[in-house]
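Presented below is the structure to which this report refers.
The values are calculated or read from the model by the stated rules, or taken from the named source; none is laboratory data. These numbers were taken from a predicted model, which means no experiment stands behind them. Quick reminder, even Gly has a Cβ in these numbers, built from the backbone with ideal geometry, and neighbours come from all protein chains shown.
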């Protein structure tokens, strides 16, 4: 079977450091072209990584009939418009998280693509790692009883004023960049959306982004608590507590693909670390995306899932402004 040819919009550091090399190992996907508004950057990336084509504009890439799907790692505020352009150019889309700037934009995307044969998926890569799949299975099978709470911490310290994560207008800040993972992973484990949210935010003195965001998500019979920060020592952990046990996910989001993955399971019968052979969650995600397209089957995660995440993000922002619980409908 021929590999699906993917084009990439932008020469992002994220793509170059975490994605391009793993995809060279794929039997299902080929990075066929890369575009930049600076053609020399696109040419350099193509030469460095053996990518067949490079382009001096995103539109030029979309006009290439050889390209079947597009990966969008652009700043958040550009996602919606380039999803539209990809669909118009008859390309499937894998778009970096968060899918859009807010729930209303996600609804607009859903309306735009609902009658199209081209597929769109949000790139939350962690969900494809075997350790998360196992954690989900253990929860669903009752190994820790009924989940009562999930605690998540995700932080880094980035004080670069030119970094898009520190520019509010383009969708920067802790909640949009990494808080989206805390929300998404709680929803993934519990298999449902929260009913309401309450939150506190600290505004960065210079950037005016949210530099520390903490929230409680009420799922009715359980809750998720998280703190994310762009001004704290780098840290990430997820702990899932139940009525008869707990699961801790090691390096939950930015997994290191060269080392074994692990989760820690504790209940009345066991206290064990379950290890997994090294796996690249980006490679697994891209391959699953390609399978859905090649088989004309449902994507692993739908745009409805993306909408539920954005509705929760919106509620966390609103609660920080009002100081009150905000219902999520």
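I'm told residue 34 meets every condition in (1) assigned to a strand (DSSP E or B); (2) surrounded by fewer than 19 Cβ atoms within 10 Å (Cβ to Cβ) except one. Can you identify the failing condition by its number?
Of everything listed in (1) assigned to a strand (DSSP E or B); (2) surrounded by fewer than 19 Cβ atoms within 10 Å (Cβ to Cβ), residue 34 misses just condition (2).
Are any residues in the stretch 135-161 in contact (Cβ under 8 Å) with a residue 24 or more places away in the chain and either part of a helix (DSSP H, G or I) or within 18 Å of the chain's Cα centre (by Cα) (or both), and if so, which ones?
Those that are in contact (Cβ under 8 Å) with a residue 24 or more places away in the chain and either part of a helix (DSSP H, G or I) or within 18 Å of the chain's Cα centre (by Cα) (or both): 135, 136, 138, 139, 140, 152, 153, 154, 155, 156.
Pick out the one residue from 83, 51 that is surrounded by 19 or more Cβ atoms within 10 Å (Cβ to Cβ), in contact with a helix residue (DSSP H, G or I) (Cβ under 7 Å, 6 or more places away or on another chain) and in a loop (DSSP other than H, G, I, E, B). Steps first, please.
Values: 83 fails: in a loop (DSSP other than H, G, I, E, B).
Exactly one of 83, 51 is surrounded by 19 or more Cβ atoms within 10 Å (Cβ to Cβ), in contact with a helix residue (DSSP H, G or I) (Cβ under 7 Å, 6 or more places away or on another chain) and in a loop (DSSP other than H, G, I, E, B), namely 51.
Could you please let me know if residue 12 is modelled with pLDDT under 95, under 22 Å from the mean Cα position of the chain (by Cα) and surrounded by fewer than 22 Cβ atoms within 10 Å (Cβ to Cβ)?
Details: modelled with pLDDT under 95: yes; under 22 Å from the mean Cα position of the chain (by Cα): yes; surrounded by fewer than 22 Cβ atoms within 10 Å (Cβ to Cβ): yes.
So residue 12 fits the description; yes.
Of the residues 216, 164, only one is surrounded by fewer than 20 Cβ atoms within 10 Å (Cβ to Cβ), over 22 Å from residue 128 (Cβ atoms) and under 19 Å from the mean Cα position of the chain (by Cα); which? Can you show your working first?
Details: 216 fails: under 19 Å from the mean Cα position of the chain (by Cα).
When all the criteria are applied, what remains is 164.
What is the residue count in the stretch 219-232 for residues that are within 20 Å of residue 162 (Cα to Cα) and surrounded by fewer than 19 Cβ atoms within 10 Å (Cβ to Cβ)?
Here the count works out to 2.
With 30, 40 as the choices, which residue is farther than 16 Å from residue 95 by Cα, free of Cβ contacts under 8 Å to residues at least 24 places away in the same chain and assigned by TED's automatic domain parsing to the domain that holds residue 290? Full working, then the answer.
Numbers: 30 fails: free of Cβ contacts under 8 Å to residues at least 24 places away in the same chain.
Matching residue, one of 30, 40: 40.
Part of a strand (DSSP E or B), modelled with pLDDT of 95 or more and within 30 Å of residue 329 (Cα to Cα): which single residue out of 78, 121 fits that description?
Values: 78 fails: part of a strand (DSSP E or B).
Residue meeting the stated conditions: 121.
Count, please, the residues in the stretch 194-213 that happen to be in a loop (DSSP other than H, G, I, E, B) and over 19 Å from the mean Cα position of the chain (by Cα). Explain how you work it out, then say what you get.
If we filter the stretch 194-213 for residues that are in a loop (DSSP other than H, G, I, E, B), which is where we start, we get 194-195, 204-209.
When the remaining residues are screened for being over 19 Å from the mean Cα position of the chain (by Cα), the result is 195, 204-209.
Count: 7.
Out of the stretch 168-182, which residues are out of contact with any strand residue (DSSP E or B) (no Cβ under 7 Å at 6 or more places or on another chain) and surrounded by 21 or more Cβ atoms within 10 Å (Cβ to Cβ)? Steps first, answer last, please.
So in the stretch 168-182, the residues out of contact with any strand residue (DSSP E or B) (no Cβ under 7 Å at 6 or more places or on another chain) come out as 168-172, 176-177, 180.
The answer is 171, 172, 176, 177, 180.
Tell me, which strands (runs of 3 or more DSSP E) lie completely within the stretch 228-329 with 3 or more residues that are under 30 Å from residue 117 (Cα atoms), free of Cβ contacts under 8 Å to residues at least 40 places away in the same chain and more than 20 Å from the chain's Cα centre (by Cα)?
Numbers: elements: 231-242, 245-249, 261-267, 271-276.
Output list is empty.
Being farther than 26 Å from residue 219 by Cβ and touching a strand residue (DSSP E or B) at 6+ places or on another chain (Cβ under 9 Å) is the filter here, so list the residues in the stretch 242-260 that pass it.
Quick first cut of the stretch 242-260, residues farther than 26 Å from residue 219 by Cβ only: 256-260.
The one that is farther than 26 Å from residue 219 by Cβ and touching a strand residue (DSSP E or B) at 6+ places or on another chain (Cβ under 9 Å): 260.
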